[in-house]
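Read the structure below first, then the notes.
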Amino acid sequence: MPHPYVLLSAAVSLDGYLDDTGPERLLLSSPADFDRVDEVRAASDAILVGAGTLRADNPRLLVNSPDRRAARVAEGRPAYPLKVTVSGSGDLDPAANFWHTGGAKVVYTTDKGADRARGLGLAADVVPLGPDLDWRALLTHLRAGYGVERLMVEGGGRVHTQLLQQGLADELQLVVAPLFVGQPHAPRLFGPGGYQAGRLRLLETRRIEDVVLTRYEPTAPGTGPLPAAADHHWLRLACELAALCPPSGTAFSVGAVVVAADGTELARGHSREGGDPVVHAEEAALGKLDPADPRLAGATVYSSLEPCAHRASRPRPCARLILDAGVRRVVTAWREPDTFVTDADGTGLLTARGVEVLVLPEHARHAQEPNAHLRP
């Protein structure tokens, strides 16, 4: 994967505030929940906060449990996760707790901010991202440069808002405390702007003393040429469905999922489903839907293999079925090789007719596993 798994973690009041306007930080979590947060930190490769949170809260961002630190070391990992902060200006306090506790640190900033940050003599790597902050570039660098596979984001609200609005958050862990703040100038968790459509999927609710933890997963597909976190989720599901296919020596094993713009799963299918020896995955999934379903026009088809442009077993290939259904977006993991059809190009057929096709090759190995017996 080019990006780490991004987990947003926050605690809020009943009226949605992260803090009040007093000089001391408002403690929203309970002691048991602080211990849960410590556990989540210990399971992460890196913890990120924005520069505003460093200034407002002066956090240390440590794994406090000696047993959890010891377990990390026993697994061959550093005792503390990498600590990450983001500052466009590079205006950081070198006396902050962040720099003087825990293990390795990194600052992501702009080209201009990098000069300022380096001049502070911080005990941290300073990584410029260009003239402006770029969250996708930051996440890609964290994965490629530091091997971060799981990133915990602890604030602040502006950071959480940007990651959600750009479709880069895989999970939201939100703790709700039984109190009100009611101060109009106090910081809120989420700001205004354009968020992805639809409802998030509820993964868990848990009472922890007097607070409630809720875990959510965004499910709405992306809307442009850049993948959203939910696109990876749905494509992984399509690859898992491919493993359900009865094996064949003359056809690929493929899985497909049709997802509405609001993140509702409309249908799923896989090759040779229901005992039909020639049915394709996209055909099986689309065949379960009413062709007049208005949600198809805004839907995304996820297929573990590029939709076929030519086939002998049916009059219409899957690319044509997708076009006839009115679907305008397809996400796939693997371009069709020449195993059965030379110069297969379902992507070309779709894009020539205005369908946006995203190929996410980081999922190719998963998609290819059920087809290993077909590869030379």
Original post:
Given q = 0.20, 0.21 Å⁻¹, what are the Debye log10 I(q)/I(0) values for segment 99-242, with equal point scatterers placed on the Cα positions and solvent ignored?
Top reply: -1.37, -1.41
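Rounded to two decimals, what is Rg over Rh for the chain when you use alpha-carbon atoms and the Kirkwood radius? The partial results should precede the final answer.
Details: Rg = 23.5 Å, Rh = 22.7 Å.
My calculation puts Rg/Rh at 1.03.
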Original post:
Just from the alpha-carbon atoms, what are the Rg and Dmax of segment 335-376 in angstroms?
Top reply: 12.1, 35
Original post:
Which of these, 219, 264, 250, has the largest mean-square fluctuation under a Gaussian network model of the chain (Cα springs below 10 Å)?
Top reply: 250
Subject >> Equivalent ellipsoid dimensions for segment 162-240 as semi-axes, Å, which come from the Cα gyration tensor, largest first >> reply: 28, 18, 7
Subject >> Bridge type composition, segment 229-374 - antiparallel percent by DSSP, nearest 5 >> reply: 55 percent
**OP:** Enumerate the whole-percent occupancy of each 10 Å bin, from 0 to the last occupied one, for all C-alpha pair distances of segment 210-280.
**Re:** 19, 38, 25, 14, 4, 1
**OP:** Quick one: check the C-alpha center-to-center distance for segment 350-376 versus segment 206-220, whole angstrom.
**Re:** 34 Å
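For segment 229-374, take the convex hull of the Cα atoms, compute a quarter of its surface area, and give me that in nm², please.
Values: hull surface 30.8 nm².
Here the figure is 7.7 nm², rounded to one decimal.
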**OP:** Show which aspartates and glutamates lie in cross-link reach of residue 112 when reach means a straight Cα distance below 15 angstrom and same-chain residues fewer than eight apart are skipped.
**Re:** 91, 132, 134
**OP:** Output the Cα-based Rg and Dmax of segment 82-178 in Å, rounding Rg to one decimal and Dmax to a whole number.
**Re:** 13.9, 44
Subject >> Solvent-free Debye scattering, log10 I(q)/I(0), computed from the Cα coordinates of segment 5-217 at q = 0.08, 0.13, 0.17 Å⁻¹ >> reply: -0.27, -0.75, -1.33
**OP:** Please work out the Cα center distance from segment 52-102 to segment 238-269, rounded to the nearest Å.
**Re:** 41 Å
Original post:
Using a Gaussian network for the chain with springs between C-alpha atoms less than 10 Å apart, which of these wobbles most: 148, 331, 40?
Top reply: 40
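What area, in nm² and to one decimal, does the C-alpha convex hull of segment 38-85 cast on average over all directions?
Working: hull surface 12.3 nm².
Computed as one quarter of the Cα hull surface, the answer is 3.1 nm².
Suppose every K and R has +1 on its Cβ and every D and E has -1 on its Cβ; what is the size of the dipole of the chain about the Cα centre, in Debye to the nearest 20? Provide the component values of the computation, followed by the final result.
Values: 39 positive and 46 negative charges, 64 e Å.
Dipole size: approximately 300 debye.
A short reminder: the numbers here are calculations on the coordinates, not readings from a lab. All values reported here derive from a predicted model rather than from experimental measurement. Backbone-built Cβ (ideal geometry, glycine too); neighbour counts: all protein chains shown.
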